[in-house]
Every structure is written in C-alpha cells, then in structure tokens.
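Undergrad: Dropping a structure here in structure tokens format, bear with me for questions.
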Amino acid sequence: QVQLVESGGGLVQAGGSLRLSCAASGRTFSGYAMGWFRQAPGKEREFVAAISWSGGSTYYADSVKGRFTISRDNAKKTGYLQMNSLKPEDTAVYYCAAGIYYSGILPDLYAYWGQGTQVTVSS
C-alpha cells in the first residue's frame, strides 16, 4: 500500500515557477513508477509526466516538455514536479500517482492517488 500527499501548489503569475512535492508512505514506494496528472475545471484528467521507479527514465506530455521536470528521492519517499515558465493554461488541480507501469499515460494504470493540490497561474 502507498499513500500519497501532494503539496506546493498555489497562485503564481505567468512566467513564474512552482515546485510540487508528493510525499509517500509505505515501504514499497521505490518499487513504483510515479506520475503527475492534472485536471482543469470541466476537463478530463490529463497526463503531465512520469518517472520510473529508479528515476532513471522520464516521460513528459508535449504541453509541458522543456518547462516541467519530474524527479524523485526514494530515500525520502518523495516525488517532485518542478514547473517553470508557467502559463495560464497550466491552471489545474495537480495529482501525483503511483503505479507499476512506467510511462503509463492513462490514469487507470495507476493504483494509488493523492488528494491533489491547486495550481493557479494568473495572466
């Protein structure tokens, strides 16, 4: 079992940066791939980024490639999403998730989810 808690969301101006954290509990955290998803009001939940269990491989949605960086520290049982050059269209609730399939872009491939953290980017 893995429990996830996101933090680090907030209000930022366009062009600014935020760093989201995802703290995990459970002994098997390092055995799971991690993903970040987001959901804007009235829209489907969409894939943002994924990282393998070791952190050696990463995968990004085209919309955030070059601006966002996913990482993890297995010793601290924490995942991160560094978001730079934020745009108003990045406004959404951001969720971290854990699953056994790396590079899974489909929410159904992830077994564990956090409660989400709101990111709002003003223009």
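Undergrad: Do the conditions hold for T120, that is, is it open to solvent by 40 Å² or more (accessible area, probe 1.4 Å), part of a strand (DSSP E or B) and free of Cβ contacts under 8 Å to residues at least 40 places away in the same chain? Steps first, answer last, please.
TA: Working: open to solvent by 40 Å² or more (accessible area, probe 1.4 Å): yes; part of a strand (DSSP E or B): yes; free of Cβ contacts under 8 Å to residues at least 40 places away in the same chain: no.
Here the answer is no, as T120 does not meet what is asked.
Undergrad: How about the stretch 24-33: which of its residues are surrounded by fewer than 17 Cβ atoms within 10 Å (Cβ to Cβ) and over 19 Å from T117 (Cα atoms)? Steps first, answer last, please.
TA: We begin by selecting, within the stretch 24-33, every residue surrounded by fewer than 17 Cβ atoms within 10 Å (Cβ to Cβ); these are 25-28, 30-31.
G26, R27, T28, S30, G31 - these are the residues of the stretch 24-33 that are surrounded by fewer than 17 Cβ atoms within 10 Å (Cβ to Cβ) and over 19 Å from T117 (Cα atoms).
Undergrad: Do we find a residue being on the phi > 0 side of the Ramachandran plot and not hydroxyl-bearing (S, T, Y) anywhere in the stretch 93-104?
TA: Taking the stretch 93-104 first, the residues on the phi > 0 side of the Ramachandran plot are 103.
Those still in the list that are not hydroxyl-bearing (S, T, Y) too: none.
The answer is no, given that none of the residues of the stretch 93-104 is on the phi > 0 side of the Ramachandran plot and not hydroxyl-bearing (S, T, Y).
Undergrad: Still on this structure, I have one more. Within the stretch 34-85, can you find the residues that are in contact (Cβ under 8 Å) with a residue 40 or more places away in the chain, part of a loop (DSSP other than H, G, I, E, B) and open to solvent by less than 40 Å² (accessible area, probe 1.4 Å)?
TA: Selection gives A40, S52, A61.
The values are calculated or read from the model by the stated rules, or taken from the named source; none is laboratory data. What you see is a predicted model, and the numbers here were worked out from it, not measured in a lab. Every residue, glycine as well, gets a Cβ built from its backbone with ideal geometry; the counts of neighbours run over all protein chains shown. These area figures cover heavy atoms from the full protein model, side chains too; ligands, DNA and RNA do not enter into them. Shrake-Rupley method; radii C 1.70, N 1.55, O 1.52, S 1.80 Å.
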